[in-house]
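The values are calculated or read from the model by the stated rules, or taken from the named source; none is laboratory data. All figures in this text were calculated on a predicted structure; none of them were measured in a lab. Note: ideal-geometry Cβ built from the backbone for every residue, glycine included; neighbour counts use all protein chains shown.
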Amino acid sequence: MKAETTKIFIPRTLLETGVDKDIELEGTLADYLPGINRVVRTEANIYIDDTTIKGTKAEVRGKAVFALLYESDYKSKLRCERFTADFSHSFDIGETPEGESIALTTGRCSYVSCKTLNPRRFILKCRADLGLKLRCMQGISVISAADLKGAFFKTEGHRLSVLMTPIDKSFSLRETVSLEGMPPVGEIIYASLCFAPAEHNLSEGSVLIHSTAMLKCLYEEEGDEGALRYIERSFPVAFTVDSESLNGQCELSAEICCTDCEVVKEMDGYGEMRVLSVNGNARVTLELLGSKDIELPIDLFFEEYESESKADVLVAEKWETQPRHRFSTEKLVEAPEFNASTIIATDGEISVSEVTSESDEVWVSGVCAVSILGKGEDGVKAQDVTASFKERLPLNSEKDCLINAKANMLSAAAELRPDGRVSLRINAELSLKTVKKERITALTGAEINARQGDEEDNVPLIIYYPDQGETAWDIGKRYHRDPQAVISENADAFDKAEVVKAKGTILYM
């Protein structure tokens, strides 16, 4: 007969893929807005709303939010307007195994452009770099020690990672920012809100997420048309996420993104427009990983039956978060067409292009894409530049692992040099996650049959001369005896690991 089995679930990455998705929006300026005289800069941010698994497809829905900064046909004033284009994409994922599957999708803009059809109509295009990771807790049948009566089992203990459903939660935030010492605000041209990499404090059923919000705002000075001011202000933020799935054994990583931001000017105590009121919406995404201890059977035998078992090697994954790494990179930029006498603002993003490991180190390479906004005799212009980086980090994990790296730009600053070149300095942070492939042996099947009696069955006393290093399990299985009985009958022959201590030992059974 066949041995009874039970299901265990081990974490596996089924698929890791990506695609470039072109998104296009044909738009028209609202009637109350001035027309486009000249496009200064176009940006796009990619937001993933949700990913659902339907059969052999993973359906992704999201939106591209374009920011169009232009010089208007009204006194050449700057305007910035935002436009949203919804998109969807279907990934082919094939048949998924039994067990819960979790899809993790990321998106970033790798290219953006604007074509004006007339002063009020335009076509915005961007390329979204979409990435998909499909993971699951794969169900595998192993022999059930609880249901197989009369058997002696040899087991191994393992701590397995447990995938948990990610948590998404939206929050609203309000903050007032003082511009004391700055010229009062006339008209706000654009404002944006971003967040530094999040930290967290985990407790039972709850996690406190804290970060630093960075407000960036370009405005026209009150009473001085054409005089532009750019400010960056930071303030702390904290969000609490409650969930029954959170406990002290969880590992988690948190990301915060701004989904909407409105900034309006207000009066200070002296009646001057030197206060900015920030009203924003943020989304917190928690990627969760639990753990559980499990004992898996790796061998068995009976006193009264013969058994032929089958052992398989299972591959489980373990994820570990490495310490964060901050770094700076500098570059001198040739910008002959920039023609700016003053730099107004600097902004950008950073991406990882290659990760390689050597011994106990990791090399991470990537590109910083920066947009420099400057003003000269021809008005306001934008200069897009790139700066590459290559950073060496220690690897606090085993060598045989996969490494995922993510970069966050903390700040970017540009300075105009007398020779016309631009000096660029970028501060950034790298975060690493390692995925180790752990091979686990387990009994996945066994045939059990009646046992023909051995000569030793009727012998009242067996004297056995074991080899040094033999275990009580090996000897018990050979003679169909309880390994614990072998130890108790020969108390001084075995060490704490149930291994024969010395050569020449005599066992009585």
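Thr342: over 21 Å from Asn45 (Cα atoms), surrounded by fewer than 15 Cβ atoms within 10 Å (Cβ to Cβ), within 20 Å of the chain's Cα centre (by Cα) and outside the structural domain of Glu232 (by TED's automatic domain parsing), yes or no? Can you show your working first?
Values: over 21 Å from Asn45 (Cα atoms): yes; surrounded by fewer than 15 Cβ atoms within 10 Å (Cβ to Cβ): yes; within 20 Å of the chain's Cα centre (by Cα): no; outside the structural domain of Glu232 (by TED's automatic domain parsing): yes.
It is false that Thr342 is over 21 Å from Asn45 (Cα atoms), surrounded by fewer than 15 Cβ atoms within 10 Å (Cβ to Cβ), within 20 Å of the chain's Cα centre (by Cα) and outside the structural domain of Glu232 (by TED's automatic domain parsing).
Collect the residues in the range 39-59 that are within 11 Å of Gly107 (Cβ to Cβ) and touching a Gly at 6+ places or on another chain (Cβ under 8 Å), keeping them in residue-number order. First the steps, then the outcome.
Filtering the range 39-59 for residues within 11 Å of Gly107 (Cβ to Cβ) gives 44-49, 51.
Ile46, Tyr47, Ile48, Asp49 - these are the residues of the range 39-59 that are within 11 Å of Gly107 (Cβ to Cβ) and touching a Gly at 6+ places or on another chain (Cβ under 8 Å).
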Give the range 360-417 a look and list any residue that's more than 27 Å from Ser192 (Cβ to Cβ) and either among the basic types (Lys, Arg) or over 21 Å from the mean Cα position of the chain (by Cα) (or both), or say none.
Asp360, Glu377, Lys390, Arg392, Lys399, Arg417
Checking Glu225 against (1) under 30 Å from Val40 (Cα atoms); (2) modelled with pLDDT of 95 or more: exactly one of these is not met. Which one?
(2)
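Quick grid of which residues meet (1) over 23 Å from the mean Cα position of the chain (by Cα); (2) closer than 23 Å to Arg283 by Cα:
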residue	(1), (2)
Met1	yes, no
Ile8	yes, no
Val19	no, no
Arg61	no, yes
Val65	no, yes
Asp86	yes, yes
Glu100	no, no
Return only the number of the condition from (1) more than 30 Å from Val486 (Cα to Cα); (2) in a strand (DSSP E or B) that Met182 does not satisfy.
(2)
Please determine whether any residue of the range 388-395 is in contact with a strand residue (DSSP E or B) (Cβ under 8 Å, 6 or more places away or on another chain), at pLDDT 90 or above and under 30 Å from Leu69 (Cβ atoms).
yes
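Okay, residues lined up against (1) assigned to a strand (DSSP E or B); (2) over 33 Å from the mean Cα position of the chain (by Cα); (3) at pLDDT 95 or above:
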{"site": "Ile189", "(1), (2), (3)": "yes, yes, yes"}
{"site": "Ile209", "(1), (2), (3)": "yes, no, yes"}
{"site": "Leu252", "(1), (2), (3)": "yes, no, no"}
{"site": "Val264", "(1), (2), (3)": "yes, yes, yes"}
Being within 21 Å of Val162 (Cβ to Cβ) and aromatic (Phe, Trp, Tyr) is the filter here; which residues of the range 297-320 pass it?
Trp319
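Give the residue that is farthest from the chain's Cα centre (by Cα), with candidates limited to residues of the range 217-233 that are buried (at least 16 other Cβ atoms within 10 Å of the Cβ) and free of Cβ contacts under 8 Å to residues at least 60 places away in the same chain. Please lay out each step first, then the result.
Going residue by residue through the range 217-233, those that are buried (at least 16 other Cβ atoms within 10 Å of the Cβ) are 217-222, 228-231.
With the extra rule that they be free of Cβ contacts under 8 Å to residues at least 60 places away in the same chain, the set shrinks to 217, 219, 221-222, 229, 231.
Values: Cys217: 29, Tyr219: 35, Glu221: 41, Glu222: 43, Arg229: 36, Ile231: 31 Å.
Applying the filter and picking the extreme gives Glu222.
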